[in-house]
1. Mind checking which residues of the stretch 65-95 are polar (S, T, N, Q), under 15 Å from residue 133 (Cβ atoms) and surrounded by 18 or more Cβ atoms within 10 Å (Cβ to Cβ)?
2. Taking the stretch 12-31 as the search range and keeping residues that are without any contact (Cβ under 8 Å) to a residue 12 or more places away in the chain and not in a loop (DSSP other than H, G, I, E, B), which one is surrounded by the most Cβ atoms within 10 Å (Cβ to Cβ)?
3. Evaluate the stretch 110-131: report whether one residue or more is loosely packed, with under 15 Cβ neighbours inside 10 Å, of a type outside the set (A, V, I, L, M) and at pLDDT below 80.
4. Would you say residue 36 is surrounded by 18 or more Cβ atoms within 10 Å (Cβ to Cβ), within 28 Å of residue 130 (Cβ to Cβ) and not hydrophobic (A, V, I, L, M, F, W, C)?
5. Being modelled with pLDDT of 75 or more, in a helix (DSSP H, G or I) and either in the same structural domain as residue 70 (by TED's automatic domain parsing) or surrounded by 11 or more Cβ atoms within 10 Å (Cβ to Cβ) (or both) is the filter here; which residues of the stretch 134-162 pass it?
6. Determine, yes or no, whether residue 62 is of a type in the set (Phe, Trp, Tyr), closer than 20 Å to residue 134 by Cα and modelled with pLDDT of 90 or more.
7. Please go through the stretch 78-102 and give me each residue that is over 15 Å from residue 49 (Cβ atoms) and either hydroxyl-bearing (Ser, Thr, Tyr) or in a helix (DSSP H, G or I) (or both), ordered by number.
8. Just the residues that are loosely packed, with under 11 Cβ neighbours inside 10 Å and either of a type in the set (A, V, I, L, M) or not in a strand (DSSP E or B) (or both), please, taken from the stretch 39-52.
Amino acid sequence: MITQIIGRLVEKSPTHVVIDCQGIGYEVNISLHTFSQLGEDENIKLFTHLQIREDSHTLFGFFTPIERSVFRLLISVSGIGASIARTMLSSLEPQQIQRAIVTEDLNTIKSVKGIGLKTAQRVLIELKDKMMNLFEGEEIQSFANNTIKEEALSALEVLGYPRKQSEKVIDNIIQSAPESSLEELIKAALNKF
């Protein structure tokens, strides 16, 4: 298994790069996310996934190990091949995909070209626990805060407060007290109006 490539960037396009490693040029398929991360530096390092089929050996390259991990989890789901996984990573950042799966945001997953309702549901069911394992404690907390934030915003909207104004207030409260529960967040926000 080829797990990473370090070499000289010979060719760069939004869908693939060619990396020269001591005279051998490797064509590596990339996502738009990885493409946007590549600077003008001639020497690069990509984390790779090698897909072996009867008719081809295809390398996929990723700027970070977390993007590669998300890709590998996505292709483990029935109905999602390497092409759709790469499209997902081109449409959404790895953290957005993780957040959508962890918070069970079906619409975000469904918004990717090539993914229908049943496949999106399968992704959420099969990958929620696995995506949680990719996180460190801090990142899980920030996702919990995002869920709490959304619930607090919904509650304030029901109470008649404008969403934009509520969002500013809630963001300030989360910054000053990131461990706030939903109830504490809503109470603090009501005191700020």
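The values are calculated or read from the model by the stated rules, or taken from the named source; none is laboratory data. The model shown is predicted, which means the values in this text are computed figures rather than measured ones. All Cβ positions, glycine included, derive from the backbone under ideal geometry; neighbour counts span all protein chains shown.
1. 69
2. Here the residue is 18.
3. Checked against the condition, which is being loosely packed, with under 15 Cβ neighbours inside 10 Å, of a type outside the set (A, V, I, L, M) and at pLDDT below 80, the stretch 110-131 yields no hits at all.
4. Working: surrounded by 18 or more Cβ atoms within 10 Å (Cβ to Cβ): no; within 28 Å of residue 130 (Cβ to Cβ): yes; not hydrophobic (A, V, I, L, M, F, W, C): yes.
When the stated conditions are applied, residue 36 does not pass them.
5. Selection gives 148, 149, 150, 151, 152, 153, 154, 155, 156, 157.
6. Details: of a type in the set (Phe, Trp, Tyr): yes; closer than 20 Å to residue 134 by Cα: yes; modelled with pLDDT of 90 or more: yes.
Here the answer is yes, as residue 62 does meet what is asked.
7. Result: 78, 87, 90, 91, 95, 96, 97, 98, 99, 100, 101, 102.
8. 39, 40, 41, 42, 52 - these are the residues of the stretch 39-52 that are loosely packed, with under 11 Cβ neighbours inside 10 Å and either of a type in the set (A, V, I, L, M) or not in a strand (DSSP E or B) (or both).
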